[in-house]
1. Let me know the shape class of segment B:123-198, please: from the alpha-carbon gyration tensor, a ≥ b ≥ c as square roots of the eigenvalues, rounded when a/c is under 1.5, otherwise prolate if a/b is greater than b/c, or oblate.
2. Starting from a Cα-only point model with no solvent, please compute log10 I(q)/I(0) by Debye for segment A:235-295 at q = 0.22 1/Å.
3. If we count other beta carbons within 10 Å of each Cβ, what is the order of B:Val214, B:Val171, A:Val197, fewest first?
4. Compare the Cα positions of A:Phe234, A:Gly283, A:Ile35 along the charge dipole of chain A (+1 at Cβ of Lys, Arg; -1 at Cβ of Asp, Glu; about the Cα centre) and return the one farthest towards the positive end.
5. Where Rh denotes the Kirkwood radius from the mean inverse Cα pair distance, what is Rg over Rh for segment A:105-261?
6. Grab the other residues whose beta carbon is less than 15 angstrom from that of A:Lys143, score K and R as +1, D and E as -1, and report the net.
7. By count of other Cβ within 10 Å, fewest leading, how are A:Ile35, B:Ile204 ordered?
8. Using a Gaussian network for chain A with springs between C-alpha atoms less than 10 Å apart, which of these wobbles most: A:Phe113, A:Phe320, A:Phe99?
Amino acid sequence: MDFYTFVTLADATIRNAMPLLLACLAGLFSERAGIFDIGLEGKMLAAAFLAAAVAFVTGSAWIGLLAGIGISVFLSLIHGLASITFRGNQLISGVAINFLAAGLTVVVAEGWFAQGGRTPSLSGAARFEGIDLPGALGTVREKIQASPLMQIYSEFISGHSILVYIGLLTVPLTWWVLFRTRFGLRLRAVGENPASVDTAGVSVVRMRYSAVIIAGVLCGIAGAYLSTAVQANFTKDMTANRGFIALAALIFAKWRPWQALGACLLFGLFFAIDTRFQNIQVGAVWIIAALLVAAAGLIHYGLRREIVDKLVMGGLAAVFAVLALLVWGNAAGAEGAGLFGGLTETIKIPSQLIQSLPYVLVVVVLAGFVGKAIPPRAGGQPYVKER
Amino acid sequence: MSGMPKWADVVLVPLVSLLLAGIISILVFVAVGQNPWEALQQMVEGAFGSSNNIGYTLFYATNFTFTGLAVAVAFHGALFNIGGEGQALLGGLGVAVACLVIPWPHWSLALVAAVAMSAAFGALWVSVPAYLQARRGSHIVITTIMFNGMASGLLIYMLNNVLRPEGAMQVASDVFPQATHIPSLNDIAQAFGSNAFGTSPANITLFLAIAACVGVWALIWRTRLGYEIRAFGKSQPAARYAGIDATRITMIALLISGGLAGMMAVNNTLGANTPQLVDNAAGGAGFIGIAVALMGRNHPVGIALAALLFGALFQGGSELASDTNVPVQIVIVIQALVVMFTGALDNMVRKPLEGLFAQVRRGARSEA
């Protein structure tokens with residue numbers, strides 16, 4: 001892999017990470033204030049649609065962005081109404097918002113533009129185009145021949161839309177707001193122990209509403225980025241589970257902003273690798289070894305515990321062992337490989353496995369075997385003022 | 001405790017929620033330039049207008065009964081199994097394996113195997129999230145969402161690389177052998193000389209769904225295990241104090257839930273007009289189960305009725321989509337509104353009603 005490939009991969013990582021990052025920080029604000037938010041996906045989707053639709057009608061990407069933020073904040077307020085004012089189930093409210101967005105975007109898009117649930121293509125000022133920083137090289141040919149530093153500058157640093165730079169700035173901003181301001185202290189306190197905040201004379205309801213509104217703004221930018229910067233129109237279900245992967249990143253980052261950036265970059269890298277390399281080969285022996293080590297680890301953990309642990313861990317270990325056998329069988333079946341020759345063969349990693357990696361990682365993290373993720377203590381509980 | 005008579009809690013609250021969802025749906029119809037009254041007529045016509053349409057309504061209702069029961073069993077234990085979709089996908093894989101690997105001599109044997117395999121695959125798919133919830137305290141909602149993502153990846157991989165017959169264009173498994181095809185309701189009707197269900201795929205799995213309703217009712221309200229699940233759902237500390245094993249109840253409730261979600265696949269895989277496993281086989285039914293369970297107040301009778309309602313919505317919405325420019329996603333909108341009003345905004349609907357009943361009661365007392 002030459003250096004330029006590496007730089008383009010890093011560039012694609014940033015682009016893929018950005019909507020995840022914005023949604024992840026949205027979730028961070030909301031959950032730090034004690035409001036679970038599994039409606040990130042829906043808010044992003046609604047924003048993606050309205051941003052593209054309004055940008056098309058007005059011809060201005062900025063007005064589109066505002067519209068996207070508007071609809072996302074509106075959905076946030078519904079979530080706030082359900083979970084703060086009426087003390088309903090925050091998870092169910094999030095589920096409802098996801099469906100509402102998935103259904104309404106297509107119904108309204110069809111009624112508005114009649115193009116099969118998509119919006120017309122955007123061009124010119126209706127779209128956030130990449131910004132070429134001064135001195136950046138334009139063509140691929142120039143970039144390949146340039147010095148490594150120039151390659152990094154032209155491909156990786158320059159050429160993104162303004163939303164990417166804004167997105168990156170939100171990370172230090174989030175950190176500063178949460179950990180260096182009075183507002184942030186109160187916001188975190190409301191997510192840990194709302195009664196203490198209430199006792200101090202600060203309105204829990206107002207703090208929580210502020211948090212969900214901030215989450216709405218960030219999801220709005222994320223959605224607008226997808227439909228007016230990455231792509232040039234809205235298509236049905238275009239968020240493609242990014243809201244859930246952002247949630248995964250949030251847990252992976254243990255509800256901290258800088259770590260959220262790291263997690264989103266990691267998951268963005270998975271996306272980039274998946275689109276860049278269609279055919280990733282790994283030596284069969286390594287896969288088999290990894291599966292067997294995992295199986296052994298599970299058995300080791302389960303054996304010393306209760307019957308349910310033995311059953312589940314034993315079952316999982318068996319699944320891993322069978323997978324290892326299948327991989328070996330597959331490799332050995334290759335032409336002229338033979339049983340042991342098969343170990344030296346390489347196996348193509350399925351694209352679906354790479355796409356599933358964020359989900360797998362989150363389950364591993366949630367399982368608490370590798371650095372336990374502890375959510376804000378008052379998360380998911382409606383606050384009832386004492387009488 | 002509640003300020004309302006039982007009938008109001010069971011019937012009135014869901015109906016008011018449905019009414020609110022209906023009003024907003026009307027606004028949506030108006031917004032996209034569709035006459036709501038005409039749309040409603042078309043949807044009712046589409047759901048019940050012909051024997052064929054009724055058959056489709058029942059076919060979808062069968063799916064939603066299974067997934068609704070799955071969500072409800074977990075809800076009784078205060079567990080939110082949002083992974084019905086993934087468990088149903090895995091259930092489909094179980095059905096495909098059962099029907100493609102063994103050459104069954106008769107459909108009844110194939111049906112038994114398909115039911116067993118789909119339930120087993122669904123339960124296995126929830127076993128890891130269930131275990132992590134029970135033993136490691138990992139939130140079941142997050143883990144089942146993640147398992148939904150993995151399930152769709154796994155299914156696409158299996159269809160593309162393992163189950164797809166060589167040279168086939170469609171991303172789907174082979175059609176199951178003729179001997180495994182289970183009778184459709186129309187096959188039964190034809191035995192009596194009628195053509196009551198047309199060419200619809202409604203099949204004998206419907207009776208299985210009804211049996212599952214009875215089974216869940218008996219389990220939850222007539223067995224010791226059901227009592228333990230409900231007690232655990234009401235108050236975990238109290239249940240623990242009463243000697244109920246939290247790990248055991250969490251695991252069992254979720255395994256039953258996953259099994260029920262998996263069994264849905266028998267209907268829409270083995271029972272489909274072309275019995276084969278296709279991509280995205282669950283088609284969102286796992287999620288509709290959430291609306292069905294909420295609407296049906298977690299009771300099998302309510303779930304069966306709510307499933308019928310959503311079956312009619314789904315079929316009516318499909319017909320509406322083919323006749324007008326309102327896409328089928330209108331059903332998702334209505335489903336979302338029902339979930340919102342019956343689930344998350346329950347207090348908004350309930351509190352004013354409770355106040356109303358309290359007032360009426362006070363009025364009656366002062367007159368007496």
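Values quoted throughout were computed directly from the atomic coordinates according to the rules given, and no laboratory measurement underlies them. As the structure is a prediction and not an experimental result, all values here were calculated from the model. Backbone-built Cβ (ideal geometry, glycine too); neighbour counts: all protein chains shown.
1. On the way: a/c = 3.70, a/b = 1.68, b/c = 2.20.
The shape class here is oblate.
2. -0.94
3. On the way: B:Val214 10, B:Val171 15, A:Val197 24.
Going from least to most buried by this count: B:Val214, B:Val171, A:Val197.
4. After comparing all options, I get A:Ile35.
5. Numbers: Rg = 20.4 Å, Rh = 18.9 Å.
With Rh from the inverse mean 1/r over Cα pairs, Rg/Rh is 1.08.
6. On the way: positive: A:Arg141; negative: A:Asp2, A:Asp11, A:Asp132, A:Glu142, A:Glu155.
My count for the surroundings of A:Lys143 gives -4.
7. Values: A:Ile35 30, B:Ile204 20.
So the residues, fewest neighbours to most, are B:Ile204, A:Ile35.
8. A:Phe320
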